[in-house]
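Structure record follows, encoded as structure tokens.
No value in this document is a laboratory result; all are computed from the given coordinates. All values reported here derive from a predicted model rather than from experimental measurement. So basically every Cβ, Gly included, is an ideal-geometry build from the backbone, and we count neighbours across all protein chains shown.
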């Protein structure tokens, strides 16, 4: 099985990917995750082209199941994998207003090649975030994927890991899931993608004018993902 772990940037997509990888390793089924990560740094595939897709298929065929992290829209090659291959996918989402704040936070970090450094205000962050939601909308057309909410994966991880495990047809008990959660909790602050890990932060950190701007600009996606204005 190939598992594609797609997520909106700053939506806990790394958390979802990490948990899914741990579930795969704990399942005991044959996997090629170590071999896959030797070719793709941190298990991330930026673009699914002919070469990368063929390599993914070969690793899967020779070594076993793998988990792939991506922020890519469902391209031709992803659609090929979803329709014609042994592939499942998860889609991690988050309230657009909280994503904006998290992106700005990340932009303040003094990191080399920080991809978020251009995000310094709500005004110059919103357009880029909306482009990401356009990708997400395309993923949501696939009814057989598992949608994971940031609010659930961060606040109720045991329930979400159980849901992911069932979706992937893994047979894992509560003890195993608890071990995975505890392992992540001990190391999450070392994760370069982790910021505050809080929900509904826009309600206290944005002014009424800023909330109104986000609501009007991202209205379609706030409704699409089931959040409230």
Worksheet, complete the sentence: Contour minus Cα-Cα span, residue 142 to residue 158, at 0.36 nm per residue, comes to 3.3 nm
Discussion item. Could you tell me the center-to-center distance, by alpha carbons, between the range 143-174 and the range 64-126 in angstrom?
Written reply: 19
Worksheet item: For the Cα atoms of the chain, what angle does the longest principal axis make with the long axis of helix 157-167, in degrees from 0 to 90, nearest 10?
Response: 50
Worksheet, complete the sentence: Tilt, helix 96-107 to longest principal axis of the chain (alpha-carbon atoms), in degrees rounded to tens, equals 90
Item to complete: Considering Cα pairs under 8 angstrom that are at least six residues apart, work out the relative contact order of the chain and quote it in whole percent.
Response: 26
Worksheet item: In degrees between 0 and 90, to the nearest 10, how far off the longest principal axis of the chain does helix 122-139 point, with axes built from Cα atoms?
Response: 30
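Hey, what's the per residue convex hull volume over the C-alpha atoms of the chain, in cubic angstrom? Provide the component values of the computation, followed by the final result.
On the way: hull volume 28.5 nm³, N = 229.
In the chain, the Cα convex hull volume per residue is 125 Å³.
In square nanometres and to one decimal, what's the mean projected area of the convex hull around the Cα atoms of the range 1-101? Don't jump to the answer; show the numbers that get you there.
On the way: hull surface 25.1 nm².
Averaged projected area of the range 1-101's Cα convex hull equals 6.3 nm².
Any idea what the alpha-carbon Rg over 2.2 N^0.38 Å comes to for the range 80-196?
Scaled against compact globular proteins, the figure is 1.25.
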Practice prompt. With a point put 7 Å past each Cα toward its Cβ, work out how far residue 62 is from residue 187 in nm, to one decimal.
Written response: 2.6
Item to complete: With a point put 7 Å past each Cα toward its Cβ, work out how far residue 113 is from residue 35 in nm, to one decimal.
Response: 2.7
